[in-house]
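The values are calculated or read from the model by the stated rules, or taken from the named source; none is laboratory data. As the structure is a computational prediction, the values presented were derived from the model and not from experiment. Positions of Cβ are backbone-derived with ideal geometry, glycine not excepted, and every protein chain shown enters the neighbour counts.
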Amino acid sequence: MTSVITVENLRKRYGDVLAVDGISFDVREGEIFGMVGPNGAGKTTTIECIEGLRSPTSGKVRVLGLNPARQRGLVMERIGIQLQSSSLPPRLKVREIMDLFASFYPRTVDADELLERLGLAEKRNALYDKLSGGQKQRLFIALALLHDPDIIFLDELTTGLDPQARLQMWEMVESIRNQGKTIFLTTHYMEEAERLCDRVAILDRGRLVALDSPANLVRQLNTPLRIVFEPLTPVDVTQLKRLPAVDRVDTNGRGIIIYGREEHALVDVVQALAAQRVRFANLHTEQPTLEDVYLALTNRERSPHHTTTEVL
């Protein structure tokens with residue numbers, strides 16, 4: 001598969017601070033490529049070097065065969081950018097904004113057709129400050145697509161959106177990829193990266209610590225299965241710890257969490273609870289996710305949000 005972005009041994013230094021420390025990767029044509037990492041990991045600097053907004057201290061960056069530091073104008077004609085924080089004059093109408101941005105490029109797609117495709121046709125005459133958060137994000141995507149770019153950069157696309165708007169954005173991103181576009185996505189939502197991305201790069205302290213498909217990253221981590229339940233009657237935790245398939249047993253405000261690597265761990269736990277005549281509620285398993293990979297590789301603590309995949 002053709003690579004449309006190539007980064008080789010990229011370094012970027014700000015004085016004594018090495019923000020990006022020799023990372024290398026490629027982005028393939030037609031894929032959704034994700035980049036995640038904690039604040040200060042070097043994501044923004046890396047992306048700005050790719051977009052031509054910053055020049056690398058050393059290393060090589062190519063976008064569609066072009067050097068973004070030296071051929072920025074040509075690169076900008078072929079990429080679209082949706083920034084994390086953007087604003088427009090509040091009293092401009094959507095159609096006026098589209099016309100303004102269309103004037104920046106030598107060629108553009110039909111603006112009305114684009115607004116229709118992104119669900120903004122009815123807002124064509126609406127003022128910018130009257131749009132909802134989700135509608136503003138759709139407008140910024142429309143502006144990024146207006147000149148029919150080959151690569152679209154989406155930076156923290158769904159930050160601040162409600163769950164329904166976030167799902168709509170995910171569907172939109174997938175539809176854009178299905179039109180043959182390449183998408184470079186940055187996000188703090190691991191669920192978003194796992195749902196959308198063909199491959200994910202994890203950065204930490206300026207270095208690339210992992211790069212693969214979400215499924216492969218989870219598989220390589222070899223994280224134990226979690227079995228969670230709320231005991232309604234006393235339970236002998238010591239007996240649960242002695243089960244051969246159980247690695248560890250923890251308790252928290254949610255109840256009891258059992259970690260096991262064997263496929264039959266769930267069956268063993270249920271049988272042990274039945275033998276003790278323990279009554280319980282909300283027993284379910286939690287499969288490892290991309291969030292587990294991210295937290296393990298960046299040495300962060302796990303959030304209280306888990307993905308439930310099976311309920312008994």
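Between ALA201, ALA102, the distinction of being in contact (Cβ under 8 Å) with a residue 24 or more places away in the chain, in the same structural domain as ASP26 (by TED's automatic domain parsing) and under 30 Å from GLY22 (Cβ atoms) belongs to ALA201 only.
If you check VAL228, VAL200, VAL218 for being closer than 30 Å to PRO56 by Cβ and under 31 Å from the mean Cα position of the chain (by Cα), only one passes: VAL200. When the strands (runs of 3 or more DSSP E) confined to segment 253-312 are screened for residues that are modelled with pLDDT of 85 or more, crowded, with 16+ Cβ neighbours inside 10 Å and on the phi < 0 side of the Ramachandran plot, those reaching at least 3 such residues are found at 255-260, 280-286.
Enumerate the pairs (first residue in segment 246-271 and basic (Lys, Arg); second residue anywhere and at pLDDT 85 or above) with beta-carbon separation below 6 Å, excluding pairs fewer than 6 apart on the same chain, so at least 6 apart or on different chains. Hits for this filter: ARG248/TYR259.
Conditions tested, residue by residue: (1) at pLDDT below 95; (2) touching a strand residue (DSSP E or B) at 6+ places or on another chain (Cβ under 7 Å); (3) under 24 Å from GLN179 (Cβ atoms).
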| site | (1), (2), (3) |
| --- | --- |
| VAL7 | no, yes, no |
| VAL20 | no, yes, no |
| SER24 | no, yes, no |
| PRO38 | yes, yes, no |
| GLY59 | no, yes, no |
| MET76 | yes, no, yes |
| ILE81 | yes, yes, yes |
| LEU88 | yes, no, no |
| GLU96 | no, no, no |
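Selection over segment 223-244 of residues that are free of Cβ contacts under 8 Å to residues at least 24 places away in the same chain and either in contact with a strand residue (DSSP E or B) (Cβ under 6 Å, 6 or more places away or on another chain) or assigned to a loop (DSSP other than H, G, I, E, B) (or both) gives a count of 3. Has segment 30-40 got any residue that is assigned to a helix (DSSP H, G or I), assigned by TED's automatic domain parsing to the domain that holds CYS197 and touching a Pro at 6+ places or on another chain (Cβ under 9 Å)? For segment 30-40, residues assigned to a helix (DSSP H, G or I), assigned by TED's automatic domain parsing to the domain that holds CYS197 and touching a Pro at 6+ places or on another chain (Cβ under 9 Å): absent. Only one of the numbered conditions (1) within 27 Å of ASN39 (Cβ to Cβ); (2) touching a strand residue (DSSP E or B) at 6+ places or on another chain (Cβ under 8 Å); (3) in contact (Cβ under 8 Å) with a residue 40 or more places away in the chain is violated by SER213, and that is (3).
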